[in-house]
Amino acid sequence: MAKIIGGIGTSHVPTIGVAYDKGKQNDPAWEPLFKGYKPVADWLAEKKPDALVFFYNDHATTFFFDLYPTFALGIGEQFEIADEGAGKRPLPPMRGNVDLSIHIAESLVNDEFDITTFQDRPIDHGCASPLPLLWPHAPDWPGVIVPIAINVLQFPIPTAKRCYKLGQALRRAIESYPEDLKVVVVGTGGLSHQVHGERAGFNNEEWDMEFLDLFVKNPEELTKLRHADYIRRGGAESVEQIMWLAMRGALEGEIRELHRNYYLATTTAMTVTLYEPA
Amino acid sequence: MNPQLAGLDDLEGTYVFDLHTSNRAMKLNRFLWKMIGTEARAHFSKDPEQAMTEAGLSDTEKDLVRRQDWIGLIRAGASFFVLEKFARVAQRTNLEVYAMMRGETFDEFMATRRVPECR
């Protein structure tokens, strides 16, 4: 039986990918960010999970607004990393596990989570920005990803509570998979930031810290917040933090925070955290 | 009104991208979105006017694109996430676009940041 062994919360700022590709790991302005991922990468290297399930959002790359899925699960042996306007990144395609993805799709749908599925489509920085900071990619990625995209771009988007419930349903899916796989669930996005309008550049460190504390101790409280609450407190695009709640739902119960790195350099509070069931 | 979004009316400088906006600005957003394709980029670079006409942009939208009026495009209903694809074609970084949306010079904007060298 497959098992969830931990959870990771991470920003997916596209600039992280740009800095990574340009080799800025030791640049003094970027080092605090890259160093902050090291303990998580070390934990992954030690625990050797077979799969990372990514709750992430597409940024109108894989899908366009004419047909924008609320929840969508990727199925394939591999997932190309998308060209988002600046050309292809020098990374191998991410690897997938067709049987695992299909099992999760079947389990979710039979569990009344009628998820969309997609195949043979490239995936953008929602997954690809943090992945190389978590896993090495030479000669190839050490495991597979299961990408689960959540619409946080075009309102109506799912409620915080619905995301939490999706995580709970994912757990049932994982735990009913017959193979003995080790799975880590990743929730991406945030923390505070706004990237559009005159309010671009908004941050709220106090709220970010409150979010991180509630996330461990009282996630129920976070599932009660409305989108407007997230937008006001953390900036418009920080509403994507509801994807962390999907990860939290998959880790339901008591958890321990093993690591936290918070680096608010320019516009997004770039954060990475690591959790294990208590 | 979507109850999840109620109570944001007094929040200045924020333009929620919902289905009303998306429906109204579908052509503009599709035009910006297509910049993820190498052919669309090449076509736009070669003949921007024809590319915009083919995309069905209104005269107002064409003017906003010509002038790279980022805040104007947001107000016209563009999603930032397709706008940033056009920013790559226009050789602008997101940080530069943020500064322009705020009506600031790049240096003014970066002076408000904690680690301005982080770019």
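Quick notes
- A viscosity of 1.002 mPa s and a temperature of 20 °C, combined with the Kirkwood radius over Cα pairs in Stokes-Einstein, give a translational diffusion coefficient for the range A:125-205 of 136 µm²/s.
- Within 10 Å of the Cβ of each residue in B:84-90, the mean number of Cβ atoms contributed by other protein chains is 4.
- The ranking of B:Leu11, A:Leu258, A:Leu133 from fewest to most other beta carbons within 10 Å of each one's beta carbon is A:Leu258, B:Leu11, A:Leu133.
- Amide H within-cut-off set for B:Asp18, under 5 Å, with H built and near neighbours excluded: A:Phe155
- For the range A:48-277, a simple Cβ point-charge model (Lys and Arg +1, Asp and Glu -1, everything else neutral) yields a dipole of about 340 debye relative to the Cα centre.
- P(r) of the range A:48-277 over all Cα-Cα pairs, binned every 10 Å from zero, in whole percent: 8, 34, 39, 18, 1, 0
- Cα convex hull volume per residue for chain B (Å³): 133 Å³
- Sorting the segments A:70-79, A:16-25, A:238-247 by their mean number of nearby beta carbons within 10 angstrom, highest to lowest, gives A:238-247, A:70-79, A:16-25.
- Each Lys and Arg contributes +1 and each Asp and Glu -1, all at the Cβ; summed about the Cα centre of chain B, the dipole is approximately 420 debye.
- Restricting the range A:160-236 to chymotrypsin sites (Phe, Trp or Tyr not before Pro) in coil, as DSSP defines it, with at most 13 other Cβ within 10 Å: none
- The separation of the range A:18-52 from the range A:137-204, counted between C-alpha centres, amounts to 19 Å.
- Working from the Cα coordinates of the protein assembly as shown, the gyration tensor eigenvalues give, after taking √(5λ), semi-axes of 32, 23, 22 Å in decreasing order.
- Computed per residue of the protein assembly as shown from DSSP H runs no shorter than four, each worth -39500 (n - 2.57), the mean residue ellipticity at 222 nm is -11500 deg cm²/dmol.
Rule-based calculations on the coordinates, nothing more; no lab input. Because the structure is predicted, anything quoted here is derived from the model rather than measured. When we count neighbours, we look across all protein chains shown, and the Cβ atoms used for this are built from the backbone with ideal geometry, even at glycine.
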